[in-house]
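For reference, the structure discussed in these notes is given below.
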């Protein structure tokens, strides 16, 4: 029992949970933007897949083009290019969803499912085209890890203070910025208004379609960044199926967080913990088959307990048709 408690509470596990929570958090944050604008986007899983492939492919291409002797700055150029490519791929892929669901008012659930299927096939096709194999890209190097001064010198805190990806503080900053944007800025207030009552917003002269496009494209950029983090910082290369349903878990985290960035942060940390736990509890004799489904069991339990109390935007998932007067 002592071994079990120690496995559940040690700092190495918490550090692993933070790293594993980042892709869920970034995608959940993107989901907040699109759904606050009134567009349901189940296609975030597919957007993450596009981010994983293009992030790894761009990182590999830039690394190959750099001179053999790379300094500290040059070693950051390839992963930076990969992250930028992942975000751009996410934006372009989500643009399809915005065009189909906002402009042509197609059922948003069907559009998202179609994008997820498209992403799987497209990533495989492009990987064969560029690298000659179906399921994985060549290996890539990520960012040089960071360490928190002072804390890194304390042995007990070293697991959480060293080996930190630069994407982690960026993700936390994006959460704080997102909370402020939605609560305090004109853009955020207008985005929330078109998600609650688009007809009233339209009456006030707010361009509903434009704001909905903005919300979907922001969600695409963040989901693409999450995919880039997975392939560049965690997987060190693209591998088919590496998202493992994190896009759907991110939607659950957004619901658990009641459609707010700070709420999504707490929920993502919970799911990240269960994900990290699934990698470590095997050592204490729990059956592996149960361990691998822990994150998904946690998702189902959270949704079962939260959905009834969660309050989505009133017009979430409802196409907007401008009333002609």
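The values are calculated or read from the model by the stated rules, or taken from the named source; none is laboratory data. Computed from a predicted model, the values in this text were never measured in an experiment. Positions of Cβ are backbone-derived with ideal geometry, glycine not excepted, and every protein chain shown enters the neighbour counts.
General remarks:
- Residue match in region 276-288 (condition: assigned to a helix (DSSP H, G or I), under 30 Å from residue 38 (Cβ atoms), at pLDDT 65 or above and touching a helix residue (DSSP H, G or I) at 6+ places or on another chain (Cβ under 8 Å)): no
- Condition check for residue 223: without any contact (Cβ under 8 Å) to a residue 24 or more places away in the chain, assigned to a helix (DSSP H, G or I), buried (at least 18 other Cβ atoms within 10 Å of the Cβ) and in contact with a helix residue (DSSP H, G or I) (Cβ under 7 Å, 6 or more places away or on another chain): no
- Filtered by the rule that a residue be surrounded by 14 or more Cβ atoms within 10 Å (Cβ to Cβ) and closer than 16 Å to residue 242 by Cα, region 136-149 gives 136, 137, 138, 140.
- The listed residue being within 22 Å of the chain's Cα centre (by Cα), at pLDDT 95 or above and surrounded by fewer than 22 Cβ atoms within 10 Å (Cβ to Cβ), out of 230, 183: 183
- Filter result for residue 18 (under 24 Å from residue 244 (Cα atoms), in a helix (DSSP H, G or I) and modelled with pLDDT under 95): yes
Residues are listed down the side, and each one gets a yes or a no for (1) modelled with pLDDT of 95 or more; (2) part of a helix (DSSP H, G or I):
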| position | (1), (2) |
| --- | --- |
| 39 | yes, no |
| 45 | yes, yes |
| 55 | yes, yes |
| 62 | no, yes |
| 117 | yes, yes |
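- Verdict on residue 209 being surrounded by fewer than 24 Cβ atoms within 10 Å (Cβ to Cβ), at pLDDT 95 or above and assigned to a helix (DSSP H, G or I): yes
- When region 111-135 is limited to residues that are touching a helix residue (DSSP H, G or I) at 6+ places or on another chain (Cβ under 9 Å) and surrounded by fewer than 13 Cβ atoms within 10 Å (Cβ to Cβ), the one that is nearest to residue 47 (Cα to Cα) turns out to be 117.
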